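First the structure, in the form of structure tokens, and then the observations on it.
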Amino acid sequence: MENVIAQVPLFAGLSEEDQSTLRSMMGNIALRRGEVLFHEGDEGKRFYILVEGKLKLGHSSPDGRENLLAIIGPGEVLGELSLFDLGARSTTATAISPSKLLYLEHNDMVKFIESHPGLAMHMLRALAIRLRRTNETLADLVFSDVPGRVAKALLDLAERFGSRVEDGIHVPHDLTQEELAKLVGASRETVNKSLAEFVSRNWIRLEGRAVTLLDVERLKRRAR
């Protein structure tokens, strides 16, 4: 984890000395798949950087239904709102694969930002990106049909976690079919029907908790 600070876009503008100082202030956490980092409603006192693995951010309705708001990958941050507001956590963060994180206590991060004021602008930029992604998701729920949302979700996962293979892009997304359905805001049955259609058209190949995108251009057109 020694070089992870330099790999986080949020801290890319810091000098090597400042990156080293920040790293020395941080603690480590390891999670198994299914283990919860924090629950919705918990007091937010820590800022996290995901080093390895993937986490899902979910919100539960009063009747117990879960909606997935985002999938977080290596280099991304969690709990950044706690730097500006010590209110309750707005989501539950759960590991969907074995994960390693760095964390910094709220007071320590605030002191570091006060001595490096330029970092606050980078933090706001990260918040803006997260907000823009949320707005796009909300717009998709209103204006896109389920197959379109599934295609867009697969393309987004491929951009962030995929790697080029001989016949396409291999995406180890680590999501169950139920989790993928929650990510696109639809029933598992409807999402499965969309996936089956994509398979029959030879656009994708399903491989457990992974998928290979075989025809990216067709998926892009379907996502629109």
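Filtering the range 166-190 to residues that are modelled with pLDDT under 95 and among the hydrophobic types (A, V, I, L, M, F, W, C) leaves 175, 180, 181, 183, 184, 186. Looking only at the range 174-198, count how many residues are crowded, with 16+ Cβ neighbours inside 10 Å and free of Cβ contacts under 8 Å to residues at least 12 places away in the same chain. Total meeting the criteria: 1. A count restricted to the range 154-198 and to residues that are under 20 Å from residue 95 (Cβ atoms) and of a type in the set (A, V, I, L, M) stands at 6. Of the residues making up the range 199-216, those that are closer than 23 Å to residue 95 by Cα and open to solvent by less than 30 Å² (accessible area, probe 1.4 Å) are 210, 211, 212. Contact annotation: residue pairs with Cβ atoms under 8 Å, 6 or more positions apart or on different chains, pairing a residue in the range 27-55 that is farther than 19 Å from residue 75 by Cα with a partner that is of a type in the set (Phe, Trp, Tyr) and part of a strand (DSSP E or B), are 44/38.
Tell me, please, whether a residue that is of a type in the set (Val, Ile, Thr) and closer than 14 Å to residue 100 by Cα can be found in the range 15-26.
So the first thing to find is which residues in the range 15-26 are of a type in the set (Val, Ile, Thr), and the list is 21.
Checking which are closer than 14 Å to residue 100 by Cα leaves us with none.
No - not one qualifying residue is present in the range 15-26.
Residue 220 meets each of the listed conditions (1) touching a residue at least 12 places away in the same chain (Cβ under 8 Å); (2) open to solvent by 30 Å² or more (accessible area, probe 1.4 Å); (3) at positive phi apart from (3). A search for C-beta distances below 9 Å between a residue of the range 3-14 that is on the phi < 0 side of the Ramachandran plot and any residue that is of a type in the set (Phe, Trp, Tyr), counting only pairs 6+ apart in sequence or on different chains, returns 5/11.
The values are calculated or read from the model by the stated rules, or taken from the named source; none is laboratory data. Because the structure is predicted, anything quoted here is derived from the model rather than measured. Reconstructed Cβ throughout: ideal geometry from the backbone, glycine too, with neighbour counts over all protein chains shown. Each accessible area value is taken on the protein alone, full model and side chains, heavy atoms only, with ligands, DNA and RNA left out. Shrake-Rupley method; radii C 1.70, N 1.55, O 1.52, S 1.80 Å.
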